[in-house]
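Chemist: Have a look at this one.
The values are calculated or read from the model by the stated rules, or taken from the named source; none is laboratory data. Values in this document were obtained by computation on a predicted structure and should not be read as measured data. As a convention, Cβ positions derive from the backbone with ideal geometry for all residues, glycine included, and neighbour counts pool all protein chains shown. The accessibility values were calculated without ligands, DNA or RNA, using every heavy atom of the protein model including side chains. Shrake-Rupley method; radii C 1.70, N 1.55, O 1.52, S 1.80 Å.
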Amino acid sequence: MRRLCTLLCCLVATWALCQTERPNIVFIFSDDHAVQAIGAYGSKINTTPQIDRIAKDGAVYLNSFCANSICGPSRACILTGKHSHINGFRRNGDRFDGGQPTFPKILQATGYQTAIVGKWHLNTDPTGFDYWEVLPDQGSYYNPDFLQMGGGKKHYEGYCTDIITDRAIGWLEKRDKSKPFLLMCQHKAPHRNWAPAQRHFDLFKDKPVPEPATLFDDYSGRSALLKENEMSVARHMHWQHDMKFKGDNLYTNHFASGTPNAEYRRMTDAQRAAWDAYYEPLNQAFLDKMKSGQMDETAIVRWKYQRYITDYLKCIAAVDENVGRVLDYLESSGLSKNTVVIYSADQGFYLGEHGWYDKRWMFEESLKMPFLIRWPGVVPPATRSTALIQNIDYAPTFLEMAGAPIPADVQGRSLVPLLRSGGTPPADWRDAIYYAYYENAAVHNVPVHDGVRTDRYKLMWFPRTREWQLFDLARDPMEMRSLHEDPDHAAILAGLQKRCADLRDLYDVNSAVIPSTRGDEPKWKERDALLTQNAKRGGYDLAFIGDSITQGWEGKGKVVWEKYYAHRNAINLGIGGDRTEHVIWRLTHGQWNNVKPKAAVVMIGTNNTGHFDQDPEQVAQGVGQILDILTQKTPGTKILLLGIFPRGETPWDLKRLNNVAINQLIRRLADGERVQYMDISGVFLEKDGTLSKDIMPDLLHLNEEGYERWARAIEPKLKEFGL
Ligand code: CA
C-alpha cells in the first residue's frame, strides 16, 4: 500500500512538473502587417522597437510565408495547420467550420486555458476558447464593438488596438493561474482603411517616407493579368475611405468614389475635431495645388502614396506600442520566463511595390508573413533563420510546444526542431512551399493562381490564361521579369513544374474544384458572355448545366429541345469542353445571379476524364462543389443530377470506366429529395454494353435520337419537380 502511495505521489509530482513546464503561449497577430514595415526585418520606412524586442531576445524567420494571402483564409490555415482547400475556408466570405480540429481546441483538451481577443473574421463563432471577445467582421479602429461569448455586442470607446490589448491583459489578470494558457491577441490594425490613433497623427510630419523602387511598375515582362489589377495606388484609392477627403470626389480621374470613411462616422465629437484638425489643412493644401495646376499625374501618385503609407505606418506605431505593453506585462507579472511570445500577421502587403496596396498575389511582398518568436531557454537570442516556413506550421508548433498530440492529417510541420537548433532546419525539411489563391476576379481583380517557392525560385500558375511565371529571386528580387520562356531556364522551369505537381499531390490539391475560366479562348469567352446575358434576363423554370453534351441541345438536340423545353422557360448553360472547375467559375461569376428555376439538370465531368484522366474522387468533389453553390444560391431549386453519360465503344473503354467510377461517387451526393440522382446510361447502350454510333456518332456526343432518349428518360422526374 505504501509503495502504491509512493508511486502515485511520484506520478502526481511528475504530472505537476510537466504542468509547470508546459509553456504559456502569447500569440500576437496583426492584420496586413508586411515585413517591410518591421525594424527586425530591415525596414527602411519605420521603426518598431517593441516588436524588435522579440527578435532581440529570440528569433526572426526571414522566409516565412502564408499559404493563401488573404485575411480569413490565412487565419483558417493557422488554426487548422491545413491548406485552404482542406480546411474549407478558401476566400473571404466563406464560413469557417468550427467543428473541425484546431490547435486551440486541442490545447484546451490538454489542460490549457485558451482565449482570443480581437479580430477573428471567420464568419462563425470561435470554438476551442474558454474566453473570446472578437470584432464583428473587419471591426473598427474607432470606438469598436466586440461580439460577446454570451451573444450580442459590447461597445467600447477608444482606439481598437489599445482596447484589444486592454482586454487581453485583462484576461491574463483574471485567468485561472494554476493552468498554462494560450492567449491570441489579434489586432485589426494595420488593415485598410488605415485610421491612425490621434496620438500618432504627427508621426512622419514633414518627413516623406521613401518610395519603393517599383512604385511606377509598368508590368512589362510578366503576365498581362498584372495590368488588370484593381489595387493600384494610382487608380484605386478611394477619395473618402482611403484618402480621408470629405465630400464629393473632385478628381474622379485620380480617385475612386463611393466608399465613405466609416471610421469618421463612428468618432465622438472630440475625436472628429482632432481628426479634422490634422487632416483638413493637409487636404486643403493638396486641393489648392491641384486647383493651381501644380500637380501632374506622377506628383498625384506620390501624394497618394504618402497619404497611404503614413496612415498605414501610424497604425503600426500603435500596434508596436501595444506589443510593448504585453511584453512589459509579462515581465512585471513574472510570466516572461515560461511564456512563448510570437508576433505575426495574416499575410504581407504591398507598400507601393508594383504600384500596389493590398495583398493576394504570390509576389514576395504579400506572400511573406512576419514570424518573430521569443522562447526563453529554447530559442537562442538574436537568431535569424532562412528556413522555409509557412502559416500551416503554426498549429503543429504550438501543439508540440505544449506536449499535445499533433493530428496525423495536419499538413504543416512543427517548427520546434528549428526553434531548438537556432533556426537550422532538419535534413528532411521542405525544399519548397506551396501557395494557392482562390478568390478569382473578385475584389481587386487578382486571378486564381497557385505555385511553389524554393529558397531561390518562384513558379506561379495562372489558370485563367494558362500561363506559368518563373522568377529567379536571387537575380531579380523585385520580380520584374518572368523567365518562363527563357531557354536557359527550361530545365529549372520543368523541375519546378514537377515540384508544383508533386506538392499539389502531397497536399491533396484538386484542380476540379478550383474555379477556372477559359476566358483566353475567344469562343468560350463569347459563349460565357452570352449565357451570362441570358441568365440576367431571369424568369426561368428549368436550367441545364454542363459541357458540350448540354450545349448540344442547341445543335443536334435542337428539334428535341423545341418539343420538350422551349415552352417551359428553359435556359441552356452548357459550354463545350468545360470541366467541373469551369462550371464552378461560371456559376459564381454571373451565370446564376438571376436564375432561380424550379429545377436544374446537372451533367458534368466527362472532360475531367477526357482531358485530364482526373481521379474520380477529385471530380466527384467538383460536382459536389457545384451542388453546394446551387444550394447556397438557390435553395428552392430542385436538382436532377445525372450520372455522366457513357463514352467509348465498349464497357472496357478506360475513359468510360472513369466516368462509371465518378458516377458511383456522385450518386451519394443526392439526398433523394431536393437533389435527385439518375443514371440514364441504359437508354444509350446496347444490350451487351457497347455504345452505338447510331446514338453517339463520335462515341461521346449525342445525335438527335440520343437527345430524344435523354429527354424521354428524365421527363417523369421533371414532371415530379413540378414542370
Ligand atoms: Ca489581412
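Chemist: Between GLU704 and HIS567, how many nm apart are label points set 7 Å from Cα along the C-beta direction?
Modeler: Modelled inter-label distance: 2.0 nm.
Chemist: Take every Cα-Cα distance within the stretch 407-455, group them into 10 Å bins from 0 onward, and report for each bin the whole-number percent of pairs it holds.
Modeler: Calculated over all Cα pairs of the stretch 407-455, the distribution is 20, 34, 28, 17, 2 percent.
Chemist: Compute the Cα gyration tensor for the stretch 197-267, then decide on rounded, prolate or oblate, letting a ≥ b ≥ c be the square roots of its eigenvalues: rounded whenever a/c is under 1.5, prolate when a/b is larger than b/c in the other cases, and oblate in all that remain.
Modeler: The shape class here is oblate.
Chemist: Turning to a different aspect of this structure: Local charge sum around PHE721 (other residues, Cβ-Cβ under 12 Å, Lys/Arg +1, Asp/Glu -1)?
Modeler: Its environment carries a net charge of +2.
Chemist: Say the dipole of the stretch 165-254 comes from +1 at the beta carbon of Lys and Arg and -1 at that of Asp and Glu; which of VAL233, PHE201, CYS185 then lies farthest toward its positive end?
Modeler: CYS185
Chemist: Oh, and also: In the chain, if the dipole is taken from +1 on Lys/Arg beta carbons and -1 on Asp/Glu beta carbons about the Cα centre, which of MET480, TRP524, LEU418 is farthest to the positive end?
Modeler: It is LEU418.
Chemist: Tally the DSSP beta bridges in the stretch 517-720 and give the antiparallel ones as a percent, rounded to 5.
Modeler: The antiparallel proportion sits near 5 percent.
Chemist: How far, in nm, would the chain grow between ARG420 and LYS558 when pulled straight, counting 0.36 nm per residue and subtracting the alpha carbon separation?
Modeler: 42.7 nm
Chemist: Around PHE181, what is the net charge, scoring Lys/Arg as +1 and Asp/Glu as -1 over all other residues with Cβ under 11 Å from its Cβ?
Modeler: Here the count lands on +2.
Chemist: Roughly how many Å² is the accessible area per residue of the chain, as a whole number, for a 1.4 Å probe?
Modeler: Accessible area per residue: 39 Å².
Chemist: Can you classify the stretch 306-351 as rounded, prolate or oblate using the Cα gyration tensor, where a ≥ b ≥ c are the square roots of its eigenvalues, rounded means a/c under 1.5, and otherwise it's prolate if a/b beats b/c and oblate if not?
Modeler: Taking the square roots of the gyration eigenvalues as a ≥ b ≥ c, the stretch 306-351 is oblate.
Chemist: Also, I was wondering about something else. May I ask you to order 528-538, 68-78 by the average number of other C-beta atoms within 10 Å around their residues, highest value first?
Modeler: In decreasing order of mean packing, 528-538, 68-78 become 68-78, 528-538.
Chemist: Looking only at Cα atoms, what is the convex hull volume of the chain per residue, in Å³?
Modeler: It is 210 Å³ per residue.
Chemist: Charges at C-beta only: +1 for Lys and Arg, -1 for Asp and Glu. How large is the resulting dipole of the stretch 454-502 about its Cα centre, in Debye rounded to 20?
Modeler: 180 debye
Chemist: Further, regarding this structure: How about the stretch 620-703: which trypsin sites (Lys or Arg not before Pro) there lie in a loop by DSSP and see at most 13 other Cβ atoms within 10 Å?
Modeler: Passing both the DSSP loop test and the Cβ count: LYS687, LYS693.
Chemist: What is the dipole size for the chain, taken about its Cα centre, with +1 at each Lys and Arg Cβ and -1 at each Asp and Glu Cβ, in debye to the nearest 20?
Modeler: With only Lys, Arg, Asp and Glu charged at Cβ, the dipole is about 1220 debye.
Chemist: Determine, for each peptide in 544-550, 280-286, 511-517, 303-309, the mean count of other beta carbons within 10 angstrom over its residues, then list the peptides with the highest first.
Modeler: Highest mean packing first, the order is 544-550, 511-517, 303-309, 280-286.
Chemist: For the stretch 361-412, what does the alpha-carbon gyration tensor say about shape, rounded, prolate or oblate, given a ≥ b ≥ c as the root eigenvalues, a/c under 1.5 as rounded, and a/b over b/c as prolate?
Modeler: Taking the square roots of the gyration eigenvalues as a ≥ b ≥ c, the stretch 361-412 is oblate.
Chemist: ³J(HN,Hα) across the stretch 180-196 via Karplus (A = 6.51, B = -1.76, C = 1.60, θ = phi - 60°), whole Hz, x for Gly/Pro?
Modeler: Ordered by residue, 3J(HN,Hα) equals x, 9, 10, 10, 9, 10, 10, 7, 6, 5, x, 5, 3, 9, 6, 9, x Hz.
Chemist: Can you tally the net charge around TYR312? Count Lys and Arg as +1, Asp and Glu as -1, for every other residue whose Cβ sits under 11 Å from the Cβ of TYR312.
Modeler: It works out to a net charge of 0.
Chemist: If I compute solvent accessible area with a 1.4 Å probe over the protein chains, what percent of it on the chain is carbon and sulfur?
Modeler: The C+S portion of the solvent-accessible surface of the chain is 53 percent.
Chemist: For an R0 of 51 angstrom, estimate the FRET efficiency from the Cβ-Cβ distance between LEU654 and THR259 and round to the nearest 0.05.
Modeler: 0.40
Chemist: Something else now. Could you state the per residue volume, in Å³, of the convex hull enclosing the Cα atoms of the stretch 517-720?
Modeler: With only Cα atoms used, the stretch 517-720 gives 109 Å³ per residue.
Chemist: Expected output is a single nm value to one decimal: the length gained when fully extending between ALA491 and GLN664, i.e. 0.36 nm times separation in residues minus the C-alpha distance. What is it?
Modeler: Extending this stretch completely gives an extra 58.2 nm.
Chemist: If you don't mind, another one. Magnitude of the Cβ-charge dipole of the stretch 517-720, K/R +1 and D/E -1, about the Cα centre, nearest 20 debye?
Modeler: Taking the Cα centre of the stretch 517-720 as origin, the dipole is about 740 debye.
Chemist: Further question: Using the basic label-point model (7 angstrom from Cα toward the beta carbon), what is the GLN138 to MET478 distance in nanometres?
Modeler: 2.9 nm
Chemist: Sequence neighbours fewer than 8 away in the same chain don't count; with that in mind, list the lysines whose C-alpha is under 20 Å from LYS291.
Modeler: Within the straight-line cut-off, LYS291 pairs with LYS244, LYS246, LYS304.
Chemist: What residue among GLY682, GLY576, LEU542 has its Cα farthest toward the positive end of the dipole of the stretch 533-682, where the charges are +1 on Lys, Arg and -1 on Asp, Glu, each on the Cβ?
Modeler: Checking the options against the dipole of the stretch 533-682, the answer is LEU542.
Chemist: Quickly estimate the mean residue ellipticity at 222 nm for the chain, helices only: each DSSP H run with n ≥ 4 gives -39500 (n - 2.57), and the total goes over all residues, rounded to 500.
Modeler: The per-residue figure over the chain is -11000 deg cm²/dmol.
Chemist: Only helices at least 15 Å long along their axis, Cα-based, and averaging -1.0 or more on Kyte-Doolittle count here, so list those DSSP H runs from the chain.
Modeler: The answer, listed by residue number, is 2-21, 160-174, 269-291, 297-332, 490-506, 616-633, 654-666.
Chemist: Simple spin-label model, 7 Å along Cα-to-Cβ: GLN533 to LYS687 in nm?
Modeler: 5.1 nm
Chemist: Then there's this: Taking every DSSP beta bridge that has both residues in the chain, what percent is antiparallel when rounded to the nearest 5?
Modeler: Percentage antiparallel, nearest 5: 40.
Chemist: Further question on the same structure: What is the Rg over Rh value, at two decimals, for the stretch 245-320, using alpha-carbon atoms and the Kirkwood definition of Rh?
Modeler: Reported Rg/Rh (Cα atoms, Kirkwood Rh): 0.98.
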